[in-house]
Every structure is written in C-alpha cells, then in structure tokens.
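> Below are the structure tokens for one structure; questions will follow.
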Amino acid sequence: MTSVITTKRAYSELENEGIIVTRPGLGSFVANFTYKDLGTIREESVKECISDLISVAKLVGISDEKLLDMVKKALKEEAGRYEPQ
C-alpha cells in the first residue's frame, strides 16, 4: 500500500518534469511528446543517475580513475549478457 503523501509527491514530480498534465476536476494525463522530447527525457534521466553515481563514489572515496574502470567493466559485463550464445 502506498501512502497518499507518496502518491501526491510522485504526481507532483512527474508534473514538474512535464511528463504529466493535471487538469482540475478531470485528472492527470500523460503529456504529448515528440520523439525528440522522449530522447531528451531519457538522456536527462541517465545524466541524473550518473551524477548520483559520481556523488556516491566521491562520498566513499573512490577515485575518478577507479570509478571509470568500474563503469567500463560493468559495460563490458552488460554487453556480454546480450551476445548470442
């Protein structure tokens, strides 16, 4: 069960990001997007995750070089999951 406060916060964040449009008395609807808009939203989402990753790495004392090595290794491992067997 999700609390009302959590739900309201989620809707508010989605509206602030332009993903939904809320019309009083009617409800909330997915905003109209172009493919370019969706690409931008996806890239911003990834950039935000990368920023969070960098912040955590700095917090725990991982150097930029070590973080880069870790990301490269993870990318190789991920690519290996999708190679035909």
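Here, each number is a calculation from the coordinates, and none is a lab measurement. None of the values given here were measured: they were computed from a predicted structure. In this analysis, Cβ positions are derived from the backbone assuming ideal geometry, glycine residues included, and neighbour counts consider all displayed protein chains.
> Can you figure out the FRET efficiency of SER12 with VAL71, using R₀ = 35 Å and their beta-carbon distance, to the nearest 0.05? Walk me through the numbers on the way to the answer.
Values: r = 32 Å, r/R0 = 0.92.
After rounding to 0.05, the efficiency reads 0.65.
> Between VAL4 and LEU38, what length in nm is gained on full extension when 0.36 nm per residue of separation is reduced by their alpha carbon distance?
Here the answer is 9.4 nm.
> Sticking with this one: Select from ALA74, THR22, SER55 the residue farthest towards the positive end of the dipole of the chain; place +1 on Cβ of Lys and Arg, -1 on Cβ of Asp and Glu, and compute about the Cα centre.
THR22
> Separate question: Could you tell me what a quarter of the Cα convex hull surface of segment 33-85 works out to, in nm² with one decimal place? All intermediate terms of the calculation are to be shown ahead of the outcome.
On the way: hull surface 20.7 nm².
If I average the Cα hull's projected area over directions, I get 5.2 nm².
> Using Cα springs under 10 Å in a Gaussian network model of the chain, which residue among ASP37, ASP52, ASP69 shows the largest mean-square fluctuation?
ASP69
> Further, regarding this structure: Are there GluC sites (Glu not before Pro) in the chain that DSSP puts in a loop and that have at most 13 other Cβ atoms within 10 Å, and which ones?
Filter output for the chain: GLU17.
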